[in-house]
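Q: Structure in structure tokens, see below.
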Amino acid sequence: MTREESDIGAPKNVLRLESPGIEIIAQDGVFCGSTSAFYKMLATQSAITASGNGQQDADAAEFAAEILLQAMFDLQPLVNILEVVRREVYLRKEHVIHELGLQETVYEIDLTLQQGYIGDFHGANTTLSVLPGNTIDQLCVRFNGNVGSDTDLHYCRYDRWSPFPTSFELYLKNCVLDWNNRNLTFLHFERNGSGTIAGFYWQWDHEGGSSWFARK
């Protein structure tokens, strides 16, 4: 997934600036866990097709097709596509780590206070159950009673818990590349007048505000 400020489309990275034009019918697409690109060159009645494994937000198939296109038609000046991709991958990783807070410290919580978050909460036509986690200092969240949806939570202080990965490696492993706003993953718990947890706010989508999940 390229960044909004990426320079991949800069003039220096555009193919065939000094070569004759080529009439091409191009199409690319994505599917669950893969990308594909198809180029058909009308003048030569030839075609390039490429497929790539991985997240469907990636550009792997498109880059592979462009490398082949450059070689087939000796396009000039030669663009080192792999160098461009390596640079973009590095910048993308830095963006993810710093903008999404993957380097953020995981805070410890008093185990006696931790029990106060456990319970069932309902909102947005969904029931979220906060349960004890795999270890004594962990919690997890379960969606609509589905055991297979159990997701570890970590404490982010100030009554905030999050299922968001705490490292870049977990970010990739858990396939959460579409989560480009860390705030979407915070469960902001609220307390009532007696100090007990009454529910939490969760902004679960990029558009709109937070939904309230009240303790059942």
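Values quoted throughout were computed directly from the atomic coordinates according to the rules given, and no laboratory measurement underlies them. Remember, predicted model here, so these are calculated numbers, not experimental data.
Q: Checking the a/c ratio against 1.5 first, then a/b against b/c, what shape does the Cα gyration tensor give for the stretch 11-99?
A: oblate
Q: For residue 53 and residue 192 in the same chain, what is the full-extension length gain: residue separation times 0.36 nm, less their Cα-Cα distance, in nm?
A: 45.2 nm
Q: Let me ask you something else. Full extension from residue 216 to residue 26: what is 0.36 nm times the residue separation minus their Cα-Cα distance, to one decimal in nm?
A: Full extension from residue 216 to residue 26 adds 63.0 nm.
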